[in-house]
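Chemist: Below is one structure. I have some questions about it.
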Amino acid sequence: MVTETMLDIKAIRQDPEFFRRGIARKKADPELIHQLLTMDESWRAALAEVERLKNDRNRASEEIAKKKKSGEDASESIRLMKDVSDRIKLLDETVREREAAVKDLLLSIPNVAHESVPDGDSEEDNVTLRHWGEKPQFSFEPKHHYEIASQLDIVDFERAVKITGSRFILYKGLGARLERALANFMLDFQTEKNGYQEMFPAFIANADSLVGTGNLPKFGEEMFRLEGLPYYLIPTAEVPLTNYYRDEILSIEQLPVKFAGYSSCFRSEAGSAGKDTRGLIRLHQFQKVELVKLVLPENSYAELDSLIEDCADILEALELPYRVVEICTGDLGSKETKKIDLEVWFPAQQTYREISSCSNFEDYQARRANLRFRRTETSKPEFVHTLNGSGLAIGRTLAALLENGQQSDGSVRLPKALVPYMGGIEIVN
RNA sequence: GGAGUGAUGGCCGAGUAGGUCGAAGGCGCUCGCCUGCUAAGCGAGUAUACGGUUAUAAGCCGUAUCGACGGUUCGAAUCCGUCUCACUCCGCCA
């Protein structure tokens, strides 16, 4: 059963002050905690009352059964219980309403950031942790990736708009080959070198799965929904991979689970009109190799570090300069406790752009997706911690390769690691 | 898409003239006994969630859960309705 619980209500009852401070760091209203606890109390009061009535009813039912068996008259008890049953029906409704209210409030409360996350108000306050690689020097004015792609005729922007619409593209010739080569290279790398299990999921997921990862109910407008069906195009392979063990209890030997999944990703990009409208940066459909880990709670921050390394490995193998950026509390999503972005260098724009995002959700998704493990055969199930990171977004990787590898004659030199995947082609021209 | 069958605990599998059924039995598993070792045998235990009590322990009390949701009833695994899924046959396709 998928729950819509986000945080542990028991933990909040236990230490409300901790959560007040925690959500204040994320720029949410600390008063929410008070509202939550008030509603929680009234829910529990109603629950206790209705459970007491049900207890009465169960007892009376036993009595009635006995009387009937021995031939006594039970009509008086039955008359009394009819009244009790009616009251239960009404109170049950109250309990349901208050429970729903508690869940709504819980959903509006963001996950508390890890103590190591830097304070900040916005993306301005994110902290660059390190840089890797030499930015390429050009003896000419470097072109934008979309200019290069158009001139080499490896991406057809105009006809893709005709066929589908804006923010869709079509890879052509060596562009299509490059897209395929990148997918194969990334999957081979993550499975052979970094020990992930390859997964190829359906690109459509049901509502329960999207609730499990936290895409629903709050972010439904960012996804494409199939008309008349409770199905959505997945915004990332994180959805099917994280939900793979939903409602299951794993044994401790199975952890950590490490999945690498290739998929198309569909984003409606509602509210991003006018942003990055050219090129491969912001599309309704792109391909990505996603890494997902299910891990022991005590290991999740070490696992986040290694996840970042696994993603950075790809950039290094592709000889792309990048930097590592720690997201501050004000820029952190409501679900993550800590997030590190990898940003790749785009010479034409003279800027770094996000190409991978690695996050720890602690037990946020596990709680929603009911993803648990047992330490021993007889111990109580506990929630795992879930993490994911892009390893990597293929469209943006392809764009970065074009810009960083461009030469004065308009051709593009490919990194050595990719050449075997391109059937020996070193230069795209 | 058409026709039919089914859905019970970790697994298998009883249970429909509604009544102490959270659910017989078996397997598996855990602990103990026994046994040169292993196997066999003997005994006990073995779901989850939520609420209450409590030390945020154990235990105890209560409520709910027999695919899901809703209904009938004092009372539903058992009756009725809707849905979902699985399997078989036909059709269609890659």
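Chemist: In region A:79-95, what count of residues is obtained for those that are under 17 Å from residue A:47 (Cβ atoms) and basic (Lys, Arg)? Reasoning before the result, please.
Modeler: Looking only at region A:79-95, we keep the residues that are under 17 Å from residue A:47 (Cβ atoms), and these are A:84, A:87-95.
Within this subset, residues satisfying the condition of being basic (Lys, Arg) are A:87, A:89.
Residues flagged as under 17 Å from residue A:47 (Cβ atoms) and basic (Lys, Arg) within region A:79-95 amount to 2.
Chemist: Here's a follow-up. Give region A:361-382 a look and list any residue that's buried (at least 20 other Cβ atoms within 10 Å of the Cβ) and touching a Pro at 6+ places or on another chain (Cβ under 8 Å), or say none.
Modeler: Restricting attention to region A:361-382, the residues satisfying the condition of being buried (at least 20 other Cβ atoms within 10 Å of the Cβ) are A:361-369, A:371, A:373.
Within region A:361-382, A:362, A:363, A:373 meet the criteria.
Chemist: Restricting to region A:50-59, count the residues that are more than 6 Å from RNA strand B (Cβ to nearest atom) and surrounded by 13 or more Cβ atoms within 10 Å (Cβ to Cβ). If you could, list the steps in order and put the result at the bottom.
Modeler: Step one: filter region A:50-59 for residues more than 6 Å from RNA strand B (Cβ to nearest atom), giving A:50, A:52-53, A:56, A:59.
Retained after the next criterion (residues that are surrounded by 13 or more Cβ atoms within 10 Å (Cβ to Cβ)): A:50, A:53, A:56.
Matching residues across region A:50-59 total 3.
Chemist: Still on this structure, I have one more. Would you please name the residue that is surrounded by the most Cβ atoms within 10 Å (Cβ to Cβ), looking only at residues in region A:337-360 that are at negative phi and part of a loop (DSSP other than H, G, I, E, B)? Don't jump to the end; show me each part of the working.
Modeler: Within region A:337-360, the first condition is being at negative phi, and the residues that meet it are A:337-349, A:351-360.
After this cut, where a residue has to be part of a loop (DSSP other than H, G, I, E, B) as well, the list is A:337, A:347-349.
Working: A:337: 24, A:347: 20, A:348: 20, A:349: 13.
It comes out as A:337.
Chemist: Since residue A:419 meets every condition but one in (1) outside any helix (DSSP H, G or I); (2) farther than 26 Å from residue A:341 by Cα; (3) modelled with pLDDT of 95 or more, which condition does it not meet?
Modeler: (1)
Chemist: Please go through region A:11-35 and pick out each residue that is more than 12 Å from RNA strand B (Cβ to nearest atom), part of a helix (DSSP H, G or I) and within 25 Å of the chain's Cα centre (by Cα). So that I can check it myself, show each step before the final result.
Modeler: Just the residues of region A:11-35 that are more than 12 Å from RNA strand B (Cβ to nearest atom), to begin with: A:16-17, A:19-35.
Now narrow it down to the ones that are part of a helix (DSSP H, G or I): A:16-17, A:19-25, A:31-35.
Selection gives A:19, A:20, A:21, A:22, A:23, A:24, A:25, A:32, A:33.
Chemist: Can you name the number of the only condition in (1) away from RNA strand B (no atom under 12 Å from the Cβ); (2) surrounded by 12 or more Cβ atoms within 10 Å (Cβ to Cβ); (3) over 30 Å from residue A:15 (Cβ atoms) that residue A:71 fails?
Modeler: Residue A:71 satisfies all of (1) away from RNA strand B (no atom under 12 Å from the Cβ); (2) surrounded by 12 or more Cβ atoms within 10 Å (Cβ to Cβ); (3) over 30 Å from residue A:15 (Cβ atoms) except (2).
Chemist: Of the residues that sit in region A:110-148 and are in a helix (DSSP H, G or I) and not β-branched (Val, Ile, Thr), which one is surrounded by the most Cβ atoms within 10 Å (Cβ to Cβ)? Before you say what the answer is, go through the steps one by one.
Modeler: Let us first name the residues in region A:110-148 that are in a helix (DSSP H, G or I), namely A:123-125, A:145-148.
Retained after the next criterion (residues that are not β-branched (Val, Ile, Thr)): A:123-125, A:145-147.
On the way: A:123: 12, A:124: 9, A:125: 14, A:145: 28, A:146: 19, A:147: 17.
Applying the filter and picking the extreme gives A:145.
The values are calculated or read from the model by the stated rules, or taken from the named source; none is laboratory data. Keep in mind that what you see is a predicted model, and the values were worked out from it rather than measured. In this analysis, Cβ positions are derived from the backbone assuming ideal geometry, glycine residues included, and neighbour counts consider all displayed protein chains.
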